[in-house]
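J.: Questions regarding the structure given below will be posed in turn.
Just so you know, all these numbers are worked out from the coordinates, no wet-lab data involved. The shown structure was predicted, so the numbers you read here are calculated from the model rather than taken from an experiment. Using ideal geometry, Cβ is built from the backbone for each residue, glycine included, and neighbour counts are taken over all protein chains shown.
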Protein chains: 2
Amino acid sequence: MSEIEESFKRIQTHKGVVGVLIINRNGSVIKSTFDQETSVSYSKMVIDIFPKADQLLKINSDNDELSFFRVRSKDNDIMITPDKDFFLLVVNKIHKE
Amino acid sequence: MSEIEESFKRIQTHKGVVGVLIINRNGSVIKSTFDQETSVSYSKMVIDIFPKADQLLKINSDNDELSFFRVRSKDNDIMITPDKDFFLLVVNKIHKE
């Protein structure tokens, strides 16, 4: 768990990071900088979207493995990275130069 | 439609582009470099994933508008960009330097 712990701490120090969430593959919240309600909302969406994003990839190449999933708007950028046992979700505020 | 037509043609010339697909907001295929079956598969997934990706964004900021979402693996990179009336999907092969 220490590697996850380290990533969790390190990512929070990155510029623009709004929040960080780690959930397991069943959607249980492992670590989060968000409040309980927000963490659970994110977790449900990740568990819902991930298999579909994986399926989208496999349309073009069957044995492809999803390495990350990103959702972006004018102001925010959400990155979801799957690991063997966890999902790491990072919400960033987009900087306008 | 000419702007869409232009983008459709221009994107195909970009390095690494495997295929390009334009669908309307109901999922009907407007233009595609993929075969019929692949185009329909992609279209169904985009229509399924998009509202969930939009919902994911709105957890942290209600009035945020999704500008694109991206699904990436070791070998492939799929970008989906919503427009007022269309979705543009581009599948890229990832180059290893």
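J.: Would a scan of the stretch A:41-57 turn up a residue that is over 30 Å from B:Phe34 (Cα atoms), part of a helix (DSSP H, G or I) and over 15 Å from the mean Cα position of the chain (by Cα)?
T.: Within the stretch A:41-57, the first condition is being over 30 Å from B:Phe34 (Cα atoms), and the residues that meet it are A:41-44.
After this cut, where a residue has to be part of a helix (DSSP H, G or I) as well, the list is A:41-44.
Cutting the leftovers down to over 15 Å from the mean Cα position of the chain (by Cα) gives us none.
No - not one qualifying residue is present in the stretch A:41-57.
J.: Moving on to the next point. Could you check, for the stretch A:79-87, whether at least one of its residues is free of Cβ contacts under 8 Å to residues at least 24 places away in the same chain, surrounded by 16 or more Cβ atoms within 10 Å (Cβ to Cβ) and either of a type outside the set (Lys, Arg) or out of contact with any Cys (no Cβ under 6 Å at 6 or more places or on another chain) (or both)?
T.: The answer is yes, given that some residue of the stretch A:79-87 is free of Cβ contacts under 8 Å to residues at least 24 places away in the same chain, surrounded by 16 or more Cβ atoms within 10 Å (Cβ to Cβ) and either of a type outside the set (Lys, Arg) or out of contact with any Cys (no Cβ under 6 Å at 6 or more places or on another chain) (or both).
J.: Only one residue in A:Ser32, A:Ser39 is crowded, with 18+ Cβ neighbours inside 10 Å and closer than 14 Å to B:Leu56 by Cα, so which one is that?
T.: Values: A:Ser32 fails: closer than 14 Å to B:Leu56 by Cα.
From the options A:Ser32, A:Ser39, the qualifying one is A:Ser39.
J.: Scan (1) more than 14 Å from chain A (Cβ to nearest Cβ); (2) closer than 25 Å to A:Val91 by Cβ for the single condition B:Glu6 breaks and write down its number.
T.: (2)
J.: Go through the stretch A:46-66 and give me each residue that's of a type in the set (Val, Ile, Thr) and over 19 Å from A:Phe86 (Cα atoms). Break it down stepwise before answering.
T.: At the first step, the residues of the stretch A:46-66 found to be of a type in the set (Val, Ile, Thr) are A:46-47, A:49, A:59.
The one that is of a type in the set (Val, Ile, Thr) and over 19 Å from A:Phe86 (Cα atoms): A:Ile59.
J.: Does the stretch A:50-68 include one or more residues that are among the acidic types (Asp, Glu), closer than 14 Å to A:Leu89 by Cβ and surrounded by 12 or more Cβ atoms within 10 Å (Cβ to Cβ)?
T.: no
J.: From (1) surrounded by fewer than 18 Cβ atoms within 10 Å (Cβ to Cβ); (2) free of Cβ contacts under 8 Å to residues at least 12 places away in the same chain; (3) part of a loop (DSSP other than H, G, I, E, B), pick out the condition that doesn't hold for A:His95.
T.: Every listed condition holds for A:His95 apart from (2).
J.: Test of understanding: among B:Asp75, B:Asp54, which residue is touching a Lys or Arg at 6+ places or on another chain (Cβ under 8 Å), more than 21 Å from B:Lys9 (Cα to Cα), at the interface with chain A (Cβ under 10 Å from one of its Cβ atoms) and not small (Gly, Ala, Ser)?
T.: Working: B:Asp54 fails: touching a Lys or Arg at 6+ places or on another chain (Cβ under 8 Å).
Only one candidate qualifies: B:Asp75.
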